[in-house]
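Take this structure, written in structure tokens, and hold onto it; I'll ask about it next.
The values are calculated or read from the model by the stated rules, or taken from the named source; none is laboratory data. This one's a predicted model, so the numbers in the text were calculated from it and none came from an experiment. Cβ sites come from the backbone with ideal geometry, for glycine too, and all protein chains shown count toward neighbours. Side chains included, ligands, DNA and RNA excluded: accessible areas come from the protein's heavy atoms. Shrake-Rupley method; radii C 1.70, N 1.55, O 1.52, S 1.80 Å.
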Amino acid sequence: MAPVRGDGMRGLAVFISDIRNCKSKEAEVKRINKELANIRSKFKGDKTLDGYQKKKYVCKLLFIFLLGHDIDFGHMEAVNLLSSNKYSEKQIGYLFISVLVNTNSDLIRLIIQSIKNDLQSRNPVHVNLALQCIANIGSRDMAESFSNEIPKLLVSGDTMDVVKQSAALCLLRLFRSSPDIIPGGEWTSRIIHLLNDQHMGVVTAATSLIDALVKRNPDEYKGCVNLAVSRLSRIVTASYTDLQDYTYYFVPAPWLSVKLLRLLQNYNPVTEEAGVRARLNETLETILNKAQEPPKSKKVQHSNAKNAVLFEAINLIIHSDSEPNLLVRACNQLGQFLSNRETNLRYLALESMCHLATSEFSHEEVKKHQEVVILSMKMEKDVSVRQMAVDLLYAMCDRGNAEEIVQEMLNYLETADYSIREEMVLKVAILAEKYATDYTWYVDVILNLIRIAGDYVSEEVWYRVIQIVINREEVQGYAAKTVFEALQAPACHENMVKVGGYILGEFGNLIAGDSRSAPLVQFKLLHSKYHLCSPMTRALLLSTYIKFINLFPEIRTNIQEVFRQHSNLRSADAELQQRASEYLQLSIVASTDVLATVLEEMPSFPERESSILAVLKKKKPGRVPENEIRESKSPAPTSITQNNTHVNHNNKLNSNANADLLGLSTPPANNINNLSNSNNSALLDVLGDIYGNNNAAVYNTKKFLFKNNGVLFENEMLQIGVKSEFRQNLGRLGLFYGNKTQVPLTNFHPVLQWSAEEALKLNVQMKAVEPTLEAGAQIQQLLTAECIEDYADAPTIEISFRYNGTQQKFCIKLPLTVNKFFEPTEMNAESFFARWKNLSGEQQRAQKVFKAAQPLDLPGARNKLIGFGMQLLDQVDPNPDNMVCAGIIHTQSQQVGCLLRLEPNKQAQMFRLTIRASKETVTRVICDLLADQF
Amino acid sequence: MMLFMLLFSRQGKLRLQKWYMAYPDKTKKKITRELVTTILARKPKMCSFLEWKDCKIVYKRYASLYFCCAIEQNDNELLTLEIIHRYVELLDKYFGSVCELDIIFNFEKAYFILDELLIGGEIQETSKKNVLKAIASQDLLQEDETPQSFFDDHGLG
């Protein structure tokens, strides 16, 4: 290690060494905590620290932060350093502020003040430090505070070059967070003219700024084009010695060149002026020519810099898409890179070619490299390069090479990386559809996709093949034959069963003439897969079977037998059960004519763009090559699919709300539903929404004020029973969850809702339960409660679970009101009235008058009071209708005595309730609990 | 525009982080973790570029240190590699044959040098000579400053 220049901080070095010598993570944390404590005490101590010590400690904090620990102090000390007159201290202060940006409002004002001072400094080093800090923070505050100074610094003749560079980029940073910071008017031309600056560093920084400004306001900054073209031309034709230190490994100003080329890509066409255009084309040609020259150095830096400029030039050529000659040359150059030994170059060449493939001028040229690209897809060692090759094959595909490319992609798919399979499947599906001249080929490709990569075939893909088969009569027989053959395989993918089921249900009759695929054979083949499939596929198969009844009346009894089997409880899924029984009834009740109408072949789908394309675009926004050759000079095709306009609103049968855009997931049933409106309205009732009425739930919480056991809640899915017992300030509560349905309730999850603050008064512990509540089963959950102090209200339990794919949620109050901790107290009239008189303070009394429930029920009220937990005292009150009670609430902290008097008024049908207790909160809570309860 | 730069060791230890976009601390930690894992898993001959989320990652290994930058979709990958190289050259020139330890013990210097090369994620100065000159003038300002206290000289501070 070389000796460090400037001032080393010995203490910091020792600390870093200590950390490095720590043998374990624990030791490291311990050492850090020790240091943090040390620094904290130094900062807090009354002995004033000198600048050096502050700097050192702030630096240690920074180091600790960089190790991944949180730092929550030291900001003030860092801010103090900003105004130090020692540069090294100031610098560390700024570094801390930049790294641990804290928009603490008090500090930000101090920081801004320090920055203001440094911006005024005559020393450019100080000014730059301030500018770097503004750029590092880049907040709105900064933009507001410096919107005057920085533009001035940028264009003033007095400003030194190094400061101008920083000012340009600082302004750019602020512009990104606050676009209104840039002054317009005369400033525009002054900023543009920075492109002519003598100093290459200033031009480089300014070009970045101008690029951002142009994006915002292209017209205002149009003047930059001519300057940029001439500057670029001068650089490209310069010899590498001309630009001295701005030449990088024999490449003149690569950074500036690339920035200028990017800047020009903001305009299309780049320029209307013939002269400027000629100069630009000349420059681009020079760049292409230079690529052919032998390298001036073997170093990778030389070739990287040179090719960086070349790729950016090619980007501009592709962007303009107007010079066939340049496009073809670019393509040839990239073609050479495809077999370069640098992986990076091959990757970038494939990427650039994707764009070239979409130009009509270079599309044919790109196709010449097809062989190499296919090899890249198969042979590249790096998956990202293989992926890029797939992208390019997709982009270069057209009617002429589609069969070959699709075949190669299918071959590769068998061994392709898992990470790219799904996308490849989408691409193959799109290409096969788009370039199919013969739809039997298309059907073969999609079935191959399912066979090779069934798991990666999304719904959209298999929906689409069915749409196409239904819409194209010429392919229906072939499709039926092919799926039938595919289903022969002993293990075939579920997606194959779906497509097969659907197609045979529609077109099985087209192959039924052959005894090898006779109706019964088709049916048995499909049904042999039934038990291996998910409920959704089973539902689809049931629909196929009902369709078979229409197509093949001769196997009606076999099918009815299957329906019968699945229409009873043995079918765990309610949807399947219902479907089976309805289809069974349909096949029994309906006449042949009705059947034929209801189960008619599906009508054609409206023609629309493939929905698969939309999926692909969503997967890789902005990264999908269009596979759409652009006409020159025409805007890019607006090919966003509009398929959602034809959404076939699906039947309510699918209560799990699978968004089914194409109306395909439960196809024949859908058809039935539509037709049943006119033909068979009785059926519609059966299909009505049976799950939507969650509102029919019964909440019994109120009743539990007066009892400890019973049914707390019930709806058509779930019943919750409660058993509870209480002793002193402790309680045990058993909740019994009963699943009333025929399917398991999954993700079953009761959560207690009782804030931490409330838990300080009533501590409730709940045991976990299994997440699945099997059909018809009951599980128990135990809760314990400990009353620490009196409280209002009661905890709530939130129960969530999935039923048939739909999320369900209820909130239920638990019967854990404070009265549960009452101990009944027996006493005679004398002591009752003595206590009653004692509790006459304002805070010890509460009274409510309320209307009685009709009819006024005195024995009922007595029973309720007994259930409430207090002792009902007879022969205490002179009026035999009045009820008086006494009890003690047990909490951990104290016992609260409580008296009650309930006076009925038979004429008015009213009650007057009076509570007296030794604690105000208890008085109120008990009174509130009982009001309106009689 | 560069979004951030991370330096980490072959063991996955973060040595320097510079963020040109405002991310919450939690996100920073998550990004760092994910990228370190992804890049350390890659083999030597693989491409230096990868698509990651909605940006591009450019990375290169120098001895035991990985330099990793995130750039926007339209940015030039090859030149980003050369920004990394220029930074390494500057560190090398400044420390004289730089090694990981120099960056650990003088992390603040590594930051100062980076700030002279890039501001707000954009390249400020591509000339090696000019950057070194700027750093030298910073160091010059420090030369005059007073020496450290006695305790600190003995590593007791």
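Tell me, what is the FRET efficiency for A:Gln907 and A:Ala931 to the nearest 0.05, using R0 = 25 angstrom and their Cβ-Cβ distance as r?
After rounding to 0.05, the efficiency reads 0.75.
A follow-up question, please. Using a Förster distance of 56 Å, how high is the FRET efficiency between A:Asn863 and A:Gln565, based on the Cβ-Cβ distance and rounded to 0.05?
Between A:Asn863 and A:Gln565 the formula returns 0.60.
Okay, moving on. Run the numbers for A:Ala853 and A:Arg234: contour at 0.36 nm per residue of separation, minus the present Cα-Cα distance, in nm.
Taking 0.36 nm per residue and subtracting the Cα distance, the gain is 213.1 nm.
Next up: Order A:406-414, A:235-243 from most to least packed using the mean count of other Cβ atoms within 10 Å.
The densest-packed peptide leads the list: A:406-414, A:235-243.
Hey, another quick one. Between A:Leu49 and A:Leu107, how high is the FRET efficiency from 1/(1 + (r/R0)^6) when r is the Cβ-Cβ distance and R₀ = 22 Å? Nearest 0.05.
0.75
Collect residues whose amide H, placed 1.01 Å from N in the peptide plane, falls under 5 Å from the amide H of A:Tyr803; neighbours closer than 5 in sequence don't count.
Amide H to amide H, under 5 Å and 5 or more residues apart or across chains, A:Tyr803 pairs with A:Gln808.
Within the set of other residues whose C-beta is less than 13 Å from the C-beta of A:Asn700, count the net charge using Lys and Arg as +1 and Asp and Glu as -1.
Surrounding charge for A:Asn700 is +3.
Still on this structure: Need one value for B:88-95: mean number of C-beta atoms belonging to other chains within 10 Å of its residues' C-beta atoms.
If you average over the peptide's residues, the count of other-chain Cβ atoms is 1.
Among the lysines, which have Cα under 28 Å from the Cα of A:Lys740 when same-chain residues fewer than 8 positions away are ignored?
A:Lys652, A:Lys702, A:Lys703, A:Lys707, A:Lys723, A:Lys767, A:Lys809, A:Lys813
Please list the three semi-axes, largest first and in whole Å, of the ellipsoid equivalent to chain A, using sqrt of 5 times the eigenvalues of its alpha carbon gyration tensor.
68, 55, 24
Need one value for A:299-306: mean number of C-beta atoms belonging to other chains within 10 Å of its residues' C-beta atoms.
Whole-number average of other-chain Cβ neighbours for A:299-306 is 4.
Here is a further query. Using a 1.4 angstrom probe on the protein heavy atoms only, line up A:His493, A:His355 by accessible area, largest first.
Largest to smallest exposure gives the sequence A:His355, A:His493.
On to the next question. Rolling a 1.4 angstrom probe over the protein heavy atoms, how many square angstrom per residue are accessible across the stretch A:439-599?
With the other protein chains kept in place, the stretch A:439-599 gives 38 Å² per residue.
For every helix of n ≥ 4 consecutive DSSP H residues, a contribution of -39,500 (n - 2.57) applies; sum these over chain A, divide by its total residues, and give [θ] at 222 nm rounded to the nearest 500 deg cm²/dmol.
-16500 deg cm²/dmol
Near the amide H of B:Ser48, under 5 Å away, which other amide H atoms are found, from residues 5 or more places off or on another chain, if H is placed in the peptide plane?
Sorted by chain and number, the residues that satisfy this are A:Asn344.
Further, regarding this structure: Select from B:Leu78, B:Leu40, B:Leu141 the residue whose mean-square fluctuation is largest in a Gaussian network model of chain B (Cα-Cα springs shorter than 10 Å).
Of B:Leu78, B:Leu40, B:Leu141, the Gaussian network model singles out B:Leu141 as fluctuating most.
Are there trypsin sites (Lys or Arg not before Pro) in the stretch A:372-444 that DSSP puts in a loop and that have at most 16 other Cβ atoms within 10 Å, and which ones?
A:Lys381, A:Arg399
So, one more: On full extension of the chain, what length is gained from A:Leu730 through A:Arg421, given 0.36 nm per residue of separation minus the C-alpha to C-alpha distance?
So the extension gain works out to 105.3 nm.
For peptide B:47-60, how many partner chain Cβ atoms fall within 10 Å of a residue's Cβ, on average?
Counting Cβ atoms of other protein chains within 10 Å of each residue's Cβ and averaging gives 3.
On the protein heavy atoms, probe 1.4 angstrom, tell me the percent of accessible surface of the protein assembly as shown carried by carbon and sulfur.
It is 50 percent, rounded to a whole number.
Taking the mean number of other Cβ atoms within 10 Å as a proxy for protection, how do you rank A:156-165, A:172-181 from highest to lowest?
Descending mean neighbour count gives A:172-181, A:156-165.
Under the rule a/c < 1.5 gives rounded, and otherwise a/b versus b/c splits prolate from oblate, where does the stretch A:742-848 land using the Cα gyration tensor?
Prolate shape, in that a/c is at least 1.5 and a/b is the bigger ratio.
Mind ranking A:Asp245, A:Asp932, A:Asp50 by accessible surface for me, highest first, 1.4 Å probe?
Descending accessible area places them as A:Asp932, A:Asp50, A:Asp245.
At a Cα cut-off below 19 Å, give the lysines reachable from A:Lys60, other chains included and same-chain residues fewer than 8 away excluded.
Within the straight-line cut-off, A:Lys60 pairs with A:Lys25, A:Lys30, A:Lys34, A:Lys42, A:Lys44, A:Lys86, A:Lys90, B:Lys13, B:Lys18, B:Lys109.
Continuing with the same structure: Amide H neighbours of A:Asn268 under 5 Å, counting only residues 5+ apart in sequence or on other chains, H built in-plane at 1.01 Å?
none
What is the antiparallel percent of DSSP beta bridges lying wholly in the stretch B:2-145, to the nearest 5?
Taking every DSSP beta bridge with both residues in the stretch B:2-145, the antiparallel ones total about 100 percent.
What percent of all Cα-Cα pairs in the stretch A:819-932 falls in each 10 Å bin, counting up from 0?
14, 49, 32, 4, 0
Would you mind computing, in nm to one decimal, how far apart the modelled labels at A:Asn123 and A:Val751 are, each placed 7 Å from Cα along Cα→Cβ?
Result for the modelled spin labels: 5.7 nm.
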